[in-house]
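*Asks:* This structure is in structure tokens; I'll ask about it shortly.
The values are calculated or read from the model by the stated rules, or taken from the named source; none is laboratory data. Nothing here was measured: the structure is a model prediction, and the numbers come from that model. Cβ sites come from the backbone with ideal geometry, for glycine too, and all protein chains shown count toward neighbours. Ligands, DNA and RNA are excluded from the accessible area calculation, which covers all protein heavy atoms including side chains. Shrake-Rupley method; radii C 1.70, N 1.55, O 1.52, S 1.80 Å.
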Amino acid sequence: MCGIVGYIGNREAYPMLIKGLKRLEYRGYDSAGAALINQNGELSVYKTKGKVSDLEAFCQDKDISGSVGIAHTRWATHGEPSSLNAHPHYSESKNLAIIHNGIIENYADLKKKLISDGVHFRSDTDTEVIVQLIEYIQTKKNVDLLTAVRLALHQLIGAYAIALLDKREKNQIIAARKQSPLVIGIGDNEFFLGSDATPIIEYTDKVVYLDDDNVAVMRLGEELKVVNNMNHEMSPEVRTLDMNLGQIEKGGYPHFMLKEIFEQPECLENCMRGRVNVDANKVMLSAVIDYKKQLLNAKRIIIVACGTSWHAGLIGKQIIESFCRIPVEVEYASEFRYRNPVINSGDVIIAVSQSGETADTLAAVKLAKENGAFVFGICNAIGSSIPRATDTGSYIHVGPEIGVASTKAFTGQVTVLVMLALALAKEKGTITDELYASVVKELSGIPEKIKKMLELNDRISELSRTFTYAHNFLYLGRGYNYPVALEGALKLKEISYIHAEGYPAAEMKHGPIALIDSDMPVVVVAPHDEMYKKVLSNIQEIKARRGKIFALVSKGDDTISKIADEVIEMPETLECLEPLIASIPLQLLAYHVAVCKGKDVDQPRNLAKSVTVE
Ligand code: M6R
């Protein structure tokens with residue numbers, strides 16, 4: 001969702017702002033803009049509907065000089081995507097300019113009041129209300145900008161990360177956050193601002209993650225100043241980024257998504273490094289060591305997540321229940337937070353989120369904590385909001401995920417859930433030594449098996465062409481592979497815009513079978529496991545109705561290969577680890593179908609990478 005970039009220092013701001021916006025393009029957006037203060041203290045705002053490249057074209061003949069600036073990519077919430085609604089927004093006098101990520105829920109009331117007091121608005125956005133309110137307070141109360149910002153923020157209900165320029169204070173940027181991410185980079189007499197660290201990483205590795213209800217003042221020649229909303233000065237923790245430029249670039253791949261699919265063997269090695277030790281037959285998660293009591297006493301676990309992370313949670317449920325004998329529920333965070341759930345103090349909540357910024361998951365975490373539950377986070381983005389709001393957790397360590405369609409984060413999340421289940425089960429004594437040893441061994445060999453799947457890339461690319469005609473797809477799987485079917489369907493619809501449904505294979509007879517005809521591709525995950533014979537019957541039923549079958553089978557399966565139209569063989573593994581293998585060809589299938597259809601794989605329409613509004 002909306003991307004924020006800012007710079008104040010001695011270099012020209014505009015090229016850095018544009019580069020920063022490009023780095024944030026993956027978040028998803030529909031318009032872009034920038035505000036700069038030049039040497040004469042003139043504040044200019046340039047903005048346009050469309051891509052960052054459209055903004056560059058628009059700015060070609062404009063004065064883009066200045067070493068202080070803010071820039072933004074907007075993902076429309078209030079008001080259609082248009083130049084008028086794009087950020088930055090001026091205040092009425094044009095002394096101030098603001099950019100904002102989030103939603104102001106009481107903007108209509110505030111706007112009505114400001115209009116009745118004679119303020120004129122130019123856009124339909126909730127954001128313009130913030131800057132007009134700040135100016136209104138500044139003028140009416142005759143206070144400095146920081147005070148006006150703080151007082152205005154007191155009146156806002158909702159979520160925001162903002163950055164603000166005042167042309168009368170040309171050596172200053174003010175920024176603030178509540179429930180929307182904001183990172184400040186600290187350089188040598190210069191500051192950088194970003195919605196995440198990607199626009200900052202090439203300039204400095206020293207960052208401050210701003211906390212909720214805090215306001216930061218970045219002034220040239222001064223230290224970073226952070227105050228809370230009561231104006232008490234805070235001592236922000238300066239962290240060192242564990243990320244490099246190579247990780248956020250395409251590295252020769254045509255798309256980030258393909259790069260991230262191919263990175264999975266290495267990512268899972270990183271995820272397991274120092275945690276899975278086959279020689280010692282041991283899985284160690286520091287969070288489990290440090291919070292053993294809270295985790296082992298769990299009477300119930302509730303996993304909260306959205307989208308792909310929710311699918312990982314469904315796999316985690318089966319593994320934890322099977323190994324640890326603790327009941328696990330998996331909830332959409334968006335539903336959990338609003339349905340007055342029963343949360344007991346003995347409950348453990350596991351929040352799963354790649355970005356660590358998903359608004360609904362963050363709200364679910366806060367609700368769980370308010371109700372006395374112990375909260376464990378499984379996230380990728382280091383230092384993001386969810387890991388900071390949870391009691392403890394484990395990072396998945398798969399590196400920045402830029403493609404909107406989540407791939408390596410999914411397999412990383414499943415890997416951490418397997419490690420968590422193993423570590424807990426061992427402590428609880430609910431797993432046999434044989435099963436524990438075989439899962440530990442097999443888990444450590446998964447990266448090699450994924451490499452085998454990736455060798456099938458060309459074949460999947462070729463056969464994906466035969467599927468581009470389809471308007472609908474059905475994905476089927478059972479047990480551990482039912483969430484794999486859901487995830488495969490989500491990947492396809494997200495990036496190719498083909499309607500796809502995931503179902504537990506046995507449910508097919510209860511409705512979806514009516515859809516099957518010769519135009520309907522059905523992807524079936526059918527490894528040689530406990531459910532094989534049942535799934536085989538489903539495949540026969542699809543064949544009888546002339547559905548096109550794309551089957552994922554275990555190596556050497558010569559039964560399904562005679563029935564299915566296309567077959568992909570997978571190396572055998574333990575049933576609980578099958579999702580880590582079976583999801584790979586489904587990621588590749590979605591990717592290649594989308595490429596064949598000429599879709600924007602990394603930035604699919606209407607989608608945002610980090611869903612920071614509910
Ligand atoms: O960052 P999160 O894992 O919390 O994001 C949750 C979903 O928004 C995300 O998984 C989404 O469904 C992806 N686009 C899936 O590819």
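*Asks:* Using Cα atoms only, what is the angle between the long axis of helix 107-116 and the major principal axis of the chain, expressed in degrees (0 to 90) to the nearest 10?
*Replies:* 20 degrees
*Asks:* Still on this structure, I have one more. For a Förster distance of 25 Å, can you work out the FRET efficiency between the beta-carbons of S537 and K597, rounded to the nearest 0.05?
*Replies:* Numbers: r = 33 Å, r/R0 = 1.31.
The computed FRET efficiency comes out at 0.15.
*Asks:* Run through region 490-530 and list the GluC sites (Glu not before Pro) located in a DSSP loop whose Cβ has at most 12 other Cβ atoms within 10 Å.
*Replies:* Loop-located and lightly packed - E530.
*Asks:* For H510 and D205 in one chain, what is 0.36 nm times their gap in residues minus the Cα-Cα distance, to one decimal in nm?
*Replies:* Full-extension gain reported as 104.3 nm.
*Asks:* Please compare each pair in K533/K555; K178/K292; K51/K259; K19/K451 to a cut-off of 26 Å on the Cα-Cα distance and tell me which ones are over it.
*Replies:* Exceeds cut-off: K178/K292; K19/K451.
*Asks:* Rounded to whole Hz and in sequence order, give me ³J(HN,Hα) for region 67-84 from the Karplus expression 6.51 cos²θ - 1.76 cosθ + 1.60, θ = phi - 60°, writing x for Gly and Pro.
*Replies:* 10, 10, x, 10, 8, 8, 10, 9, 10, 4, 10, 9, x, 5, x, 7, 4, 4
*Asks:* Considering only protein heavy atoms, what per residue accessible area in square angstrom results for region 564-614 with a 1.4 angstrom probe?
*Replies:* Per residue, region 564-614 has an accessible area of 31 Å².
*Asks:* Using only alpha carbon pairs under 8 Å that are at least six residues apart, calculate the relative contact order of the chain and give it in whole percent.
*Replies:* Normalised by residue count, the contact order of the chain is 12 percent.
*Asks:* Which of the three applies to region 182-305, rounded, prolate or oblate, going by the alpha-carbon gyration tensor with a ≥ b ≥ c and a/c under 1.5 meaning rounded?
*Replies:* Verdict is oblate for region 182-305.
*Asks:* Given the pairs K408/K609; K493/K534; K250/K449; K22/K597, which are separated by over 21 angstrom at their Cα positions?
*Replies:* K493/K534; K250/K449; K22/K597
*Asks:* While we're on this one: Quick one: pull the percent of accessible area on the chain belonging to carbon and sulfur, 1.4 Å probe, ligands and nucleic acids left out.
*Replies:* Heavy-atom surface of the chain belonging to carbon and sulfur, 1.4 Å probe: 47 percent.
*Asks:* Work out from phi, with θ = phi - 60° and the Karplus expression 6.51 cos²θ - 1.76 cosθ + 1.60, the ³J(HN,Hα) of each residue of region 174-184, listed in order in whole Hz, and give x for Gly and Pro.
*Replies:* Calculated HN-Hα couplings, in order: 10, 9, 8, 9, 8, 6, 10, x, 7, 10, 10 Hz.
*Asks:* Mind pulling the angle between the C-alpha long axis of helix 13-23 and the longest principal axis of the chain? Nearest 10 degrees, somewhere in 0 to 90.
*Replies:* Approximately 20 degrees, to the nearest 10.
*Asks:* Please list the non-local residues whose amide H lies under 5 Å from the amide H of S31, H modeled 1.01 Å from N, same-chain partners needing a gap of 5 or more.
*Replies:* Amide H neighbours of S31: G50, R74.
*Asks:* Among the chymotrypsin sites (Phe, Trp or Tyr not before Pro) within region 382-491, which fall in a DSSP loop and have no more than 11 other Cβ atoms within 10 Å of their own Cβ?
*Replies:* Here the chymotrypsin sites (Phe, Trp or Tyr not before Pro) that fit, given the DSSP loop and packing criteria, are Y469.
*Asks:* With labels modelled as points extended 7 Å from the Cα through the Cβ direction, what inter-label distance (nm, one decimal) is found for D124 paired with M284?
*Replies:* Label-label distance for D124 and M284, simple model: 5.8 nm.
*Asks:* Filter the trypsin sites (Lys or Arg not before Pro) in region 96-171 down to the DSSP loop ones having no more than 14 other Cβ atoms within 10 Å, then list what survives.
*Replies:* Values: sites: K111, K112, K113, R122, K140, K141, R150, K167, R168, K170; in loops: R122, K167, R168, K170.
Here the trypsin sites (Lys or Arg not before Pro) that fit, given the DSSP loop and packing criteria, are R122, R168.
*Asks:* Dipole of the chain, Cα-centred, from +1 at each Lys and Arg C-beta and -1 at each Asp and Glu C-beta, to the nearest 20 debye?
*Replies:* For the chain, the charge dipole is close to 580 debye.
*Asks:* Would you mind working out the accessible area per residue for region 167-288, using a 1.4 Å probe, and quoting it in Å²?
*Replies:* 46 Å²
*Asks:* Output the 0 to 90 degree angle, nearest 10, between the alpha-carbon long axis of helix 408-428 and the longest principal axis computed from the alpha carbons of the chain.
*Replies:* 70 degrees
*Asks:* So which aspartates and glutamates can K282 reach, going by Cα to Cα under 18 Å and dropping same-chain residues fewer than 8 places off?
*Replies:* E269, D290, E427, D433, E434, E442
*Asks:* Oh, and also: Give me a comma-separated list of calculated 3J(HN,Hα) values for region 532-548, in order, Karplus coefficients 6.51, -1.76, 1.60 applied at θ = phi - 60°, integers in Hz, x for any Gly or Pro.
*Replies:* 3, 5, 5, 5, 4, 4, 4, 5, 4, 5, 5, 4, 4, 9, 6, x, 8
*Asks:* Still on this structure, I have one more. Run the numbers for N40 and R465: contour at 0.36 nm per residue of separation, minus the present Cα-Cα distance, in nm.
*Replies:* 147.2 nm
*Asks:* Compute the separation of the alpha-carbon centres of region 307-370 and region 423-466 and state it in Å as a whole number.
*Replies:* 24 Å
*Asks:* So, for region 344-389, what is the accessible surface per residue at a probe of 1.4 Å, expressed in square angstrom?
*Replies:* Details: 1120 Å² over 46 residues.
Accessible area per residue, region 344-389: 24 Å².
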